[in-house]
Amino acid sequence: MALFLYLHFPSLQLDNLQLSAENSQNLAIAVVDQQHQLLQLNQSAINAGLKLQMGLASAAALCPDLQLLPYQSEQQLKVLNSAAQQLYQLSGDIALDPPAGLILRLDGMLQLYSGLAPYWQALSAKLHELAYRYQYSCGATPYAAKCLAYQQAALITNDAKRLSAALHASPLTATELTAPLQQQMARLGIHTLGQLLALPPAELARRFDSQLLSYLGRLRGDYYHALEYVQPESGFSRYLELLYDISDSAVLARPLVKLLQQLEQQLSRASCQCHQLLLTLFFRDNPKLQLCIGSAQGEYKAAAWLQLCQLQLQNLTLPEPVYGLQLDVNRFAGQQRPTEGLFAQQQASMSALQLLSLLQARLGRAAVSGLTLQNQHLPEQASQRSLPLVKGYVVKGQAGLAALALRPAFLLPKPQPLTEAVTISQGPERLCPDGWQLGAQRDYYIGRNRQGQWLWLFRTASQQWFVHGWFS
Amino acid sequence: MSALLEQLARRQLLWHGDSQQLAYQAVSSGFPELDQQLGGGLPASGLIDIQTAAGIGELRLLLPYLRQQQQQSQRLLVFIAPPAELSADMLAGAGLDLSQLLIITPGQPISPPKPAGRHTKAAKKLNAKQEALWAAEQCLQSGCCATVLIWPAAISLAQARRLQLAAEQGAASMILFRKPSQTLSLPVNLSISLQPDPQGLQLTVLKRKGCWPAAPIRLNMQSRWPALCLADAPAEPMRQAS
């Protein structure tokens, strides 16, 4: 027998919002739809006596300082999807049932968990961790489970008799039937699902439309109910709406931790790491701001990413308060552990690449560079700043470039005119720019001034003297 | 009386004049006469303070030491805020591995630069100095850098102490190049002052941790850098700047 579990999250959007703001518990918050009916309530709103489907006027009368949020179906779907992704590690077949439900197919999983009780134990622990309010029930078909879950039946059983008894006793309000149809049934004296199921289908088909028959067929399990199961996603994308606008970039770290922890969970589950985060900050008036935070080594730990994010946020001045954060990771990479010498005395606390990411996050990418030797005769072209920690490309069979030994340690970016007396000790060495432009040739000399400094000088074709660097 | 002495000695407040134990592990400097004076060479970790003018041979003195530091542990060399562009020819010619070398120039604009007034310029300079010290501390602590070379404008006692602790933690050495006029004594492992000399360098040890300072010595670089030493008879300037 197939067995399904239905999870219904009655206030998903609101619960998700409250996770990000710790001190919002005392605030009565409600989510309202277009028709100004309350759809989702938090605990303090329920304590104030508010009920679902209540109009705004009576809600405001009961609770004057009620905070209202518009219902966002896209947002709710995202949260539902992320919940499904997080449950995926425990249960294989999960189908979304928008706007607020998940259908879990159990018969495959029972074999793995050797029974319903251990399965439910693992799943409920995970659900507790997610901290969304939920209602649940088992059922022989998806619709049966859903119907029971809406009544908060909380049945976790494999017993077909118990399940069918509970189903037969269900009121029609818990079913998928439309309101006019329910009214019609009530006029006929049919109040429970059991009464409806007892009627012969042929009779029902004559009186009612095919929608009812198709629903009843699926409820019984006579008709095939196609479910589209979720697949684990390859990237990471979460959006977090802040309860309060944040204007200080240092404070942004607190909601960001939540996102990073979710990322860490997903990465460690897949035994992956990532090299780059895209952090998007949303403003009310200004265009959104996208930050790219990179780690050359690759990290999965939330603490390591947080440090890198904080270093970059420190340098940032926000044009106006932020109301939302989005964290995206496009590519995951496999985890790699660096190999370390067994007998090394000093264990480095971080690798060179980690150090590099740290420096780049605070100082900017342009501030950290490496140095490569180019096959050029002009001194300003022979040394080139390059990407840090990149091995120079060496052609096979050839030794690396031979360095010219008698070159100064420091080169001035722009040669300065010579203004003091010097003693020439060596030279000249004539260097011509590419194309042998004889007018631009320079004769280089090594000279020592009265302070004992060794300078690298050159004389241009027009007999002007310049200092190009100094031997240190 | 002896009990008091013993107590002081145990708290390392009392030093015996005859026991000259190096407080640090020494790495040969590549100059035998200097190694002899310094009891083995330059410190492998901790701060080394070099008071020198620019361009008299201060980096040439350190090249053999830097090569050894880099090769022994396969760790990084970091140059922070060098006074001008470093030349790859010179460093590669001295046997340093350029792929294990980082250059950090703080004070680069991170976002597109805005028109800056005088006030912001001064703030930027201060910021660049702080960033240089921050970068030095991170490099020293990380344990993946062998030696950090820094050209600070000025450094305070507290900052030097902090860097010394970071260097001990990461088993790295740090070389401070300072102008000779700055006479503030810093908590460093070795402090030397360099003067130009026709044949190389004149070196005075100002402070050595756990030891007596040695006598001033002349280092002859004639064999290593013949082109950068004067002939025996000091010549007159051949050309006056016009």
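In table form, for the structure just shown:
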| quantity | calculated |
| --- | --- |
| Shielding by partners, peptide B:93-101 (average Cβ within 10 angstrom, other chains) | 5 |
| Cα centre as origin, Lys/Arg/Asp/Glu Cβ charges: the protein assembly as shown dipole, Debye | 940 debye |
| Calculated over the stretch A:406-471: convex hull of Cα atoms, volume per residue (Å³) | 89 Å³ |
| Cα pair count fraction exceeding 23 Å, expressed as % - the stretch A:1-122 | 43 percent |
| Size of electric dipole in the stretch A:224-309: Cβ of Lys, Arg +1 and of Asp, Glu -1, about Cα centre, debye, nearest 20 | 140 debye |
| Stretch gain in nm, segment A:Ser349-A:Ala421, where the contour uses 0.36 nm per residue and the Cα spacing is subtracted | 20.8 nm |
| ³J(HN,Hα), Karplus 6.51/-1.76/1.60, whole Hz, each residue of the stretch A:126-132, x for Gly, Pro | 5, 5, 5, 5, 5, 6, 9 |
| Efficiency of FRET from Cβ geometry, A:Asp97 and B:Ala53, R₀ 60 Å, rounded to 0.05 | 0.15 |
| Pairwise Lys count, chain A - Cα closer than 21 Å, eight or more residues apart or different chains | 10 |
| Of A:Ala100, A:Leu110, A:Gln85, farthest towards positive along the dipole that unit charges on Lys, Arg, Asp, Glu beta carbons give the stretch A:4-220 | A:Leu110 |
| Cα point-scatterer Debye curve for the stretch A:4-220, base-10 log of I(q)/I(0) at q = 0.08, 0.17 Å⁻¹ | -0.34, -1.23 |
| Förster radius 45 Å - calculated FRET efficiency between A:Gln34 and B:Gln108 (Cβ-Cβ, nearest 0.05) | 0.30 |
| Projected label distance in nm at A:Asn47 and B:Leu230, using a 7 Å step from Cα toward the beta-carbon | 8.8 nm |
| Distant-in-sequence amide H partners of B:Ala214 (H built 1.01 Å from N, under 5 Å) | B:Val205 |
| Solvent exposure ordering (accessible area, 1.4 Å, most first) of B:Phe31, A:Phe208 | A:Phe208, B:Phe31 |
| Cα pair distances of the stretch A:87-206 binned at 5 Å [whole percent] | 2, 10, 18, 21, 18, 12, 9, 6, 4, 1 |
| Computed E for A:His191/A:Lys126 - FRET, C-beta separation, R0 35 angstrom, nearest 0.05 | 0.40 |
| Span from the the stretch A:449-472 Cα centroid across to the the stretch A:235-313 one, whole angstrom | 52 Å |
| Accessible area per residue, Å², the protein assembly as shown with all protein chains present, probe 1.4 Å | 50 Å² |
| A:Leu291 long-range amide H proximity, modeled H, under 5 Å | A:Leu279, A:Thr280, A:Leu281 |
| Most positive-pole-ward Cα, A:Leu308, A:Asn330, A:Ser247, against dipole of the stretch A:236-334 from beta carbon charges | A:Asn330 |
| Net charge, A:Leu356 excluded, C-beta distance under 14 Å - Lys, Arg +1, Asp, Glu -1 | +2 |
| Equivalent ellipsoid semi-axes, the stretch A:236-334, via Cα gyration tensor eigenvalues times 5, rooted, Å | 23, 13, 12 |
| DSSP beta bridge pairing in the protein assembly as shown, given as percent antiparallel to the nearest 5 | 75 percent |
| As computed over the protein assembly as shown, the Cα convex hull volume per residue (Å³) | 285 Å³ |
| Calculated from backbone phi, Karplus (6.51, -1.76, 1.60) coupling profile of the stretch B:37-49 in Hz, x at Gly/Pro | 5, 8, x, x, x, 7, x, 6, 9, x, 8, 10, 9 |
| Inter-label distance for A:Asp209 and A:His168, nm, one decimal - labels placed 7 Å from Cα along Cα-to-Cβ | 3.0 nm |
| Surrounding net charge for A:Asp245, when Lys and Arg each add one and Asp and Glu each subtract one, Cβ distance under 11 Å | -2 |
| Average other protein chain Cβ within 10 Å of Cβ, residues B:187-198 | 1 |
| Extended-chain gain in nm, criterion 0.36 nm per residue less alpha-carbon gap, A:Gln276 and A:Asp107 | 56.9 nm |
| Surrounding net charge for A:Gln326, when Lys and Arg each add one and Asp and Glu each subtract one, Cβ distance under 14 Å | +1 |
| Candidate residues B:Lys207, A:Lys288: accessible-area rank, largest first, probe 1.4 Å | A:Lys288, B:Lys207 |
| Those trypsin sites (Lys or Arg not before Pro) in the stretch A:15-110 that DSSP places in a loop and that have at most 14 other beta carbons within 10 Å | A:Lys51 |
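The values are calculated or read from the model by the stated rules, or taken from the named source; none is laboratory data. The structure displayed is predicted, hence computed values, not measured ones. All Cβ positions, even for glycine, are placed from backbone atoms using ideal geometry, and neighbour counts span all protein chains on display. Surface accessibility is based on the protein's heavy atoms, side chains included, excluding ligands, DNA and RNA. Shrake-Rupley method; radii C 1.70, N 1.55, O 1.52, S 1.80 Å.
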